[in-house]
Structure formats: C-alpha cells, structure tokens
1. Any idea which residue in the range 20-34 is surrounded by the fewest Cβ atoms within 10 Å (Cβ to Cβ), counting only those that are more than 11 Å from the chain's Cα centre (by Cα) and of a type in the set (Lys, Arg)?
2. State which residue is surrounded by the most Cβ atoms within 10 Å (Cβ to Cβ) when the search covers only the range 40-60 and only residues that are in contact (Cβ under 8 Å) with a residue 12 or more places away in the chain, assigned to a loop (DSSP other than H, G, I, E, B) and touching an Asp or Glu at 6+ places or on another chain (Cβ under 8 Å).
3. Taking the stated definitions as given, is Glu37 modelled with pLDDT under 95, of a type in the set (D, E, K, R), over 11 Å from Met1 (Cα atoms) and surrounded by 12 or more Cβ atoms within 10 Å (Cβ to Cβ)?
4. Might you let me know whether the range 54-69 holds any residue that is among the hydrophobic types (A, V, I, L, M, F, W, C) and within 11 Å of the chain's Cα centre (by Cα)?
5. What is the residue count in the range 1-25 for residues that are under 21 Å from Ser60 (Cβ atoms) and in a helix (DSSP H, G or I)?
6. Among (1) exposed (fewer than 11 other Cβ atoms within 10 Å of the Cβ); (2) assigned to a strand (DSSP E or B), where does Pro63 come up short?
Amino acid sequence: MRKTVTTLPNDEARLKDYDVIKCIADKDKMEVMYYDEKMTLTNEELTSKRVSISDKTYKSQFPGGKDYKLIGYDWNPDEIEL
C-alpha cells in the first residue's frame, strides 16, 4: 500500500489506523511518500516501529467514511542507491 503524507509533525509520519491494520492483515508493506522521499515499512515494522497513537479519534471528512486514530512512525526515508 502506498500513502502520501504532507506534514511530519515531530518528525513522524502519521498514518490512519485502518490503513495500518489493513496492511498488517494483508501481510503487505507500507510505502509512505513525503514529497520526493519514500519510507518503506515492512509488515513487521508496522507493529514494532510504532512510536505514537493519537488519543483523539478523528472524524472522516467524507460522508460514510471511517473515523480513525493516527499512528506515528519516526521518519526515516529509504536510502537511494546511485
């Protein structure tokens, strides 16, 4: 799964909990994009490298959308081999 974040508060990539849960259930990796950088989290890292979970539950901006919490991961972009 690939997700784009537009901010990195406290140098964390924050992802919606239902996206993380889906990746874990599907045994998939998560590619997090921030401008021209990419951080890849393996299925195992989605659980082990979690650094925060929001106390607040956010309301979806879309009618019928799921409410969610934000799960934070330290921003550590992949090394690019030249």
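The values are calculated or read from the model by the stated rules, or taken from the named source; none is laboratory data. The structure presented is a predicted model; accordingly, all values stated were derived computationally and were not measured. Ideal geometry is used to build each Cβ from the backbone, glycine not excepted, and the neighbour counts take in all protein chains shown.
1. It comes out as Lys27.
2. Residue satisfying both the conditions and the ranking: Asn43.
3. Criteria met by Glu37.
4. no
5. 10
6. The number of the failed condition is (2).
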